[in-house]
1. Cβ-Cβ under 6 Å, sequence separation 6+ or interchain: first residue in segment 272-283 and under 9 Å from residue 297 (Cβ atoms), partner surrounded by 13 or more Cβ atoms within 10 Å (Cβ to Cβ) and among the hydroxyl-bearing types (Ser, Thr, Tyr). Which pairs?
2. Within segment 306-315, is there a residue that is at pLDDT 95 or above and under 30 Å from residue 81 (Cβ atoms)?
3. Is there a residue being assigned to a strand (DSSP E or B), modelled with pLDDT of 95 or more and among the small types (Gly, Ala, Ser) anywhere in segment 198-206?
4. Mind checking which residues of segment 301-316 are touching a helix residue (DSSP H, G or I) at 6+ places or on another chain (Cβ under 8 Å) and not in a strand (DSSP E or B)?
5. What about residue 146, is it over 13 Å from the mean Cα position of the chain (by Cα), surrounded by fewer than 22 Cβ atoms within 10 Å (Cβ to Cβ), of a type outside the set (A, V, I, L, M, F, W, C) and in a helix (DSSP H, G or I)?
6. Mind checking which residues of segment 87-123 are assigned to a loop (DSSP other than H, G, I, E, B), modelled with pLDDT of 95 or more and surrounded by 19 or more Cβ atoms within 10 Å (Cβ to Cβ)?
Amino acid sequence: MTSKPQLEAVSAEDAAMINEKPSKRPSGKRDMDEDDDDDDDESDSDVSMVNVDFDFYNLNPDVDQITVKRFLRQTLSTDEEMIDVHPLATLILEEASRMRVGSSIKTDGEESDPWGLLAAVDINRNRTNPSLSPLLSYLTSTLSPRSPLRIFFDFSSSPAISNSPFLLFSLRMLNLPLPLIPPLYTMLLSELTEAEESGRIPKITHFLLWGRGYRLEGNEESNGLDMVDGDGDGKGKGKGGQKRKRQQSGMIGLGSGSFPYHPEEEFIDKVASHVHTYPFKNSQKRDDDSLGVEQYGRLILVERDNLARAVKAMTDVK
């Protein structure tokens, strides 16, 4: 019996092959690729590479709920106590089963925990559902009175009949290989199109993608990031290709700016109708001694056809 390996990220080159023909496995597990070639020249190396197969599955209410709740708390960050994630996770998985849309990424068969997932919820259908309404109220509370997003969330304003928005939940471990993400979106759009054509859902006009981001002041040290040049001069590239150097300590200052935790969202930002960011309500006031980076919430409003354009741009990146 093969023991379960310590998982490492599959190489981008291998993962990129998934973009060509994304498909899901109905059940079971694909055997891991094992390298049977023993290289005596590298026997003294301390680095061990493990190839892991990442498989796509339909969302499974019987298996995935605990992980979905954990990912939701992660996205809520310091505001996690404001939303009961249990009914929300249940609704997300129920909607996936009802519409037959959404996917998870797993490494150890259908019964294993997801490393990531992409799901959709029909906002108009569930606007007053007690499983979703607390999140909608929370998001509405972050909007300015004139925000273009308010009509999609606010119960007091009647939603335009012509609008049929869906809320997207892109939830995952942060170290999931990026080449795995475009197939999630490709399959989601294909499944939503099939659901529209079959009459299970109305014609979608907009997507609202909920997530989070972080801000850098430019003086944070790149702890845990090996950005030092080979000659050990302590130089690295910051935002815009500019090289920065931490004086005395040799630590690298990261480029300043605001960034999504999920890099693929930068492609969606470029075609979005509106990108809204908001501070977490329960975050502690930061000062010079604060640890970690400043986090914030994000909402992206994007028209349906423009999301397809963004997904194509993701897929075209080599």
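1. 277/296; 278/142; 279/296; 280/77; 280/78
2. No, that holds for no residue.
3. No, segment 198-206 has no match at all.
4. Matches in segment 301-316: 306, 307, 308, 309, 310, 311, 313, 314, 315.
5. No, not satisfied.
6. 101, 102, 114, 115
The values are calculated or read from the model by the stated rules, or taken from the named source; none is laboratory data. What you see is a predicted model; the values in this text were computed from it and never measured. Note: ideal-geometry Cβ built from the backbone for every residue, glycine included; neighbour counts use all protein chains shown.
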